[in-house]
Amino acid sequence: MTAPLDLLDLDPSLSEEERQIRDVVRQLVDDRVRPHVADWYEDGRVPARELAREFGKLGLLGMHLSGYGCAGSSAVAYGLACQELEAADSGVRSLVSVQGSLAMYAIWRYGSEEQKQRWLPSMATGEAIGCFGLTEPDHGSDPASMTTRARRDGGDWVLDGGKMWITNAPIADIAVIWARTDEGVRGFAVPMDTPGVTAREIRRKMSLRASSTGEIVLDDVRLPAAAQLPEAVGLKAPLSCLTEARYGIVWGALGAARDCLETTVAYATTRTQFGRPLAGFQLTQAKLADMAVELVKGQLLALHLGRLADAHRLRPEQVSVGKLNNVREALNIARQCRTILGANGISGEYPVLRHANNLESVLTYEGTSEIHQLVVGQRLTGLSAFA
Ligand SMILES: Cc1cc2nc3c(=O)[nH]c(=O)nc-3n(C[C@H](O)[C@H](O)[C@H](O)COP(=O)(O)OP(=O)(O)OC[C@H]3O[C@@H](n4cnc5c(N)ncnc54)[C@H](O)[C@@H]3O)c2cc1C
């Protein structure tokens, strides 16, 4: 929400503390991420551990959780942080989302006191990195069909199976793994150095390249009974973690869109064709106006959902409304901005196509657009078209 893109003057709707948190994150991103992120993206490598420690120092990891070294910020403050992080790159925001909203939240919400004490403080500082394994090679949108199994063996659990497309898996110290048991789906806190656990980096990604994504193989992985998350019963547990992370995406995607639009306004006002700036053409102004309108609508929606979350009144289908709209519109904005930059639009010297490519992943993960349409459709009709 920066002038002049803040068409609706949303800034004063934020508290002083929210604005301060946003500005501190923006500064960190400007100093530590923006100067390097195009290279990280091109190389397909990101210094995740280093970044995690820097983010940890600032209290960004698990910032909306309380206790165990977490900052206990408001949902709106967390959303604003996601927006600033994703203005640099969706992969960098994903590092923070997966750590805080998926891995840490799962342990914070469903773990034993011992699990919380063991993992959360070091995850909050970024010393330990977490990942969240729900998706499998053959089961993405339909996690209820998962085939990863956990069976009891004496006092232990033994896990077999595999997880695919897992953010942070190749660099993680701890994985929250969801598996089918005789009693239904359960969650496990699995140290990545447990014998039988292997993680392989997925290469040749054309999107989210400044993020580590991997496959996890679980082969006869023996865990003590204490590794099971005691409060996680059934698929609703991992789905509640996804609701947390999707909320961050509602804000984050707009950061990518805002960065595209800021870049494009600056470009269009300085690039001259036919004797005048691109921004002086009515067709260009129509594009810019439509994009700015969608951006502020998305920000209003994110702020509304954030206020509902802070009042403990946010429902999962409302998060679906936000994820569906804001990611879809952010991707439209990124693609439209690319046209205004012409050939430069495909260059890594500008962030626009990188954001657009990243948003293709964001459109798919944490529930595809189609799945969120079905969630909203179910709310409207009372009929489930998918479960
Ligand atoms: C970069 C990246 C990082 C990721 N990180 C993680 C992670 O950290 N942890 C994790 O567990 N997962 C992660 N994922 C996986 C992600 O959540 C899944 O890709 C997503 O849930 C979709 O599953 P799928 O890819 O198997 O697609 P599929 O489920 O095979 O879907 C393919 C297409 O079919 C559509 N479709 C499916 N079912 C229906 C239906 N009933 N009606 C209409 N259309 C339907 C989908 O919308 C989609 O368009 C990540 C993915 C990516 C790309």
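The values are calculated or read from the model by the stated rules, or taken from the named source; none is laboratory data. The structure displayed is predicted, hence computed values, not measured ones. Because the Cβ atoms are built from the backbone with ideal geometry, glycine has one as well, and the counts that use them run over all protein chains shown. Note: accessible area is taken over every heavy atom of the protein model, side chains too, but ligands, DNA and RNA are not part of it. Shrake-Rupley method; radii C 1.70, N 1.55, O 1.52, S 1.80 Å.
Modelled spin-label separation between residue 386 and residue 43, with each label point placed 7 Å from Cα along the Cα-to-Cβ direction: 3.7 nm. I'm checking a number: the convex hull volume of the Cα atoms of segment 121-231, normalised per residue, in Å³. What is it? It is 112 Å³ per residue. Restricting the calculation to Cα atoms, segment 192-349 yields a radius of gyration followed by a Dmax of 21.6, 73 Å. Using helices alone, I'd like the mean residue ellipticity at 222 nm for the chain: each DSSP H run of four-plus residues gives -39500 (n - 2.57), total over residue count, nearest 500. So the calculated ellipticity at 222 nm is -16000 deg cm²/dmol. Sorted largest first by accessible area at a 1.4 angstrom probe radius, with every protein chain in place, the residues 64, 355, 304 fall in the order 304, 64, 355. Calculated accessible area for the chain comes out at 42 Å² per residue, all protein chains present (probe 1.4 Å; ligands, DNA, RNA ignored). Neighbours of residue 202, meaning other residues whose beta-carbon lies under 12 angstrom from its beta-carbon, give a summed charge of +4 when Lys and Arg score +1 and Asp and Glu score -1. Here's the picture: charge each Lys and Arg Cβ at +1 and each Asp and Glu Cβ at -1 in the chain, and of 105, 380, 218 the one pushed furthest to the positive end of that dipole is 380.
Distance between the modelled labels on residue 198 and residue 117, one decimal in nanometres: 3.6 nm (7 Å Cα→Cβ projection). Here is the P(r) of segment 1-158: all C-alpha pair distances, binned every 10 Å from 0, give 10, 33, 31, 20, 6, 1, 0 in whole percents. Applying a 4.7 Å cutoff between beta carbons, the unpaired cysteines of the chain are 70, 82, 131, 241.
Projected onto planes of every orientation and averaged, the convex hull of the alpha-carbon atoms in segment 281-358 covers 5.8 nm². What you get for segment 194-347, charging only the Cβ of Lys and Arg (+1) and of Asp and Glu (-1), is a dipole of about 460 debye around the Cα centre.
Residues whose amide H falls under 5 Å from that of residue 202, counting only those 5 or more places apart or on a different chain, are 213, 214, 215, with hydrogens built in the peptide plane. Label-to-label distance, residue 368 versus residue 206, with points set 7 angstrom from Cα along the beta-carbon direction: 1.7 nm. When each of the peptides 243-254, 337-348, 267-278, 211-222 is scored by how many other beta carbons lie within 10 Å of its residues on average, the order from highest to lowest is 243-254, 211-222, 337-348, 267-278. Can you give me the C-alpha center-to-center distance between segment 313-387 and segment 1-39, rounded to a whole angstrom? When both Cα centres are located, 21 Å separates them. First compute the accessible area of segment 261-307 with a 1.4 Å probe, then give the percent of it belonging to carbon and sulfur atoms. Here carbon and sulfur together make up 60 percent of the probe-accessible area. Proximity of backbone amide H atoms, modeled 1.01 Å from N, is registered between residue 185 and 234, 235 at under 5 Å, excluding neighbours fewer than 5 places apart on the same chain. Packing-based ranking of 189-195, 166-172, 230-236 yields 166-172, 189-195, 230-236, ordered from highest to lowest mean Cβ neighbour count within 10 Å.
Measuring nothing but protein heavy atoms, the accessible surface of segment 95-242 at 1.4 Å probe radius is 51 percent carbon and sulfur. Amide H contacts for residue 128 (H built 1.01 Å from N in the peptide plane; partners 5 or more residues away or on another chain; cut-off under 5 Å): 123. Computed from backbone phi, the HN-Hα couplings of segment 381-387 come to 9, x, 10, 8, 8, 9, 9 Hz, rounded to whole numbers (Karplus: 6.51 cos²θ - 1.76 cosθ + 1.60, θ = phi - 60°; Gly and Pro given as x). Dipole of segment 1-42 computed with +1 at Lys/Arg Cβ and -1 at Asp/Glu Cβ about the Cα centre; of 36, 21, 10, farthest Cα towards the positive end is 36.
In a simple Cβ point-charge model (Lys, Arg +1; Asp, Glu -1; nothing else charged), the chain has a dipole of about 580 debye relative to its Cα centre. Over the chain, the alpha carbon radius of gyration divided by the compact-protein estimate 2.2 N^0.38 Å works out to 0.99.
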